[in-house]
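The values are calculated or read from the model by the stated rules, or taken from the named source; none is laboratory data. What you see is a predicted model, and the numbers here were worked out from it, not measured in a lab. Methodologically, a virtual Cβ is constructed for each residue, glycine included, from the backbone with ideal geometry; neighbour enumeration extends over all protein chains shown.
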């Protein structure tokens, strides 16, 4: 999940507690060019105040105008923007013929809805991914535990299922030029980014707004609860004192991606070292992505970082390498 989701849900909870009726919008699917991915949220109240976004422009304006004039009064409904089946507004079009499908829920400030919003807020703050199920005919809502991996939105004729959970975290073990590029890509992708390196004199090399720097060994940060199921751990220094220890601790966590930089030859040597000195089993070593990243022929730090983040996203979305 992205940090924006938590901001949206915090605002929704604040308004619901104040007795406001809310309209919670979820992007269900996109086709063609669209600036927001499935699962993106927007919450609004009757006076037009809102948080989050659906497309970053005219779609929000159209929705808010229609909501304020009395549309969308059903407990749950779907609308489609773009293509041949958009709303009755010929001025609304998306770039490159894109199509956007949105689920709209009208939530009265009653106890059941307040409970559900509280549970959603807790899921976004917690460490356990959940799946939210919304009945398309009766508006019934429920949350249950989930793996956190796979498409963010799934649907059938009866139900929409939306994955929710803690903000995706990228834990970067050690500072290097690749680390700096990776941190920048990850922040753009909506990850919470934490960089751990005990050498404080290197911290100035990470100049990315919003990145959290920790002057500790990555292994110590991981061992004290620094990972959850929505965490990717990447070691990018070529320093076995940092990389190997981070791998030894990371495989004991629920992190969905654990990878370390190095050539095939270096990776083979590291695997033997981790078996011999780190006591890792073959099953634990199989969790490590090494060499890290997609094989894009990357050479520069930015190219390597791109390959790393592309592979992290591949795993997060549940895509096999041979399905790319």
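Observations on the model:
- Residue in the stretch 158-166 that is modelled with pLDDT of 90 or more and in a loop (DSSP other than H, G, I, E, B) present: yes
- Checked against the criteria, residue 181 does not count as over 30 Å from residue 117 (Cβ atoms), touching a strand residue (DSSP E or B) at 6+ places or on another chain (Cβ under 6 Å) and not in a loop (DSSP other than H, G, I, E, B).
- The residues listed here are 44, 51; of these, the one that is assigned to a strand (DSSP E or B), touching a residue at least 40 places away in the same chain (Cβ under 8 Å) and touching a strand residue (DSSP E or B) at 6+ places or on another chain (Cβ under 8 Å) is 51.
- Residue match in the stretch 176-198 (condition: over 18 Å from residue 308 (Cβ atoms) and at pLDDT 90 or above): yes
Conditions tested, residue by residue: (1) in a loop (DSSP other than H, G, I, E, B); (2) in contact with a helix residue (DSSP H, G or I) (Cβ under 7 Å, 6 or more places away or on another chain).
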position: 104; (1), (2): no, no
position: 109; (1), (2): yes, yes
position: 114; (1), (2): no, yes
position: 120; (1), (2): no, yes
position: 137; (1), (2): yes, no
position: 149; (1), (2): yes, yes
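- Residue in the stretch 262-279 that is in contact (Cβ under 8 Å) with a residue 24 or more places away in the chain, surrounded by 21 or more Cβ atoms within 10 Å (Cβ to Cβ) and closer than 30 Å to residue 126 by Cα present: no
- Evaluation of residue 288 against (1) surrounded by fewer than 20 Cβ atoms within 10 Å (Cβ to Cβ); (2) closer than 23 Å to residue 177 by Cα (one fails), failing number: (1)
- Test for residue 157: is it in the same structural domain as residue 254 (by TED's automatic domain parsing) and free of Cβ contacts under 8 Å to residues at least 40 places away in the same chain: no
- Just one of the numbered conditions (1) in contact (Cβ under 8 Å) with a residue 40 or more places away in the chain; (2) more than 22 Å from residue 183 (Cβ to Cβ) is not true of residue 259: (2).
- Checklist (1) on the phi < 0 side of the Ramachandran plot; (2) touching a helix residue (DSSP H, G or I) at 6+ places or on another chain (Cβ under 9 Å) applied to residue 174, failing item: (1)
- Residues being surrounded by fewer than 19 Cβ atoms within 10 Å (Cβ to Cβ) and not in a strand (DSSP E or B) - total across the stretch 122-135: 5
- Taking the stretch 209-289 and the strands (runs of 3 or more DSSP E) fully enclosed by it, the elements with 3 or more residues that are within 26 Å of residue 147 (Cα to Cα) are at 231-235, 257-260.
- Filtered residues of the stretch 299-324 (kept if crowded, with 17+ Cβ neighbours inside 10 Å and more than 20 Å from the chain's Cα centre (by Cα)): 304
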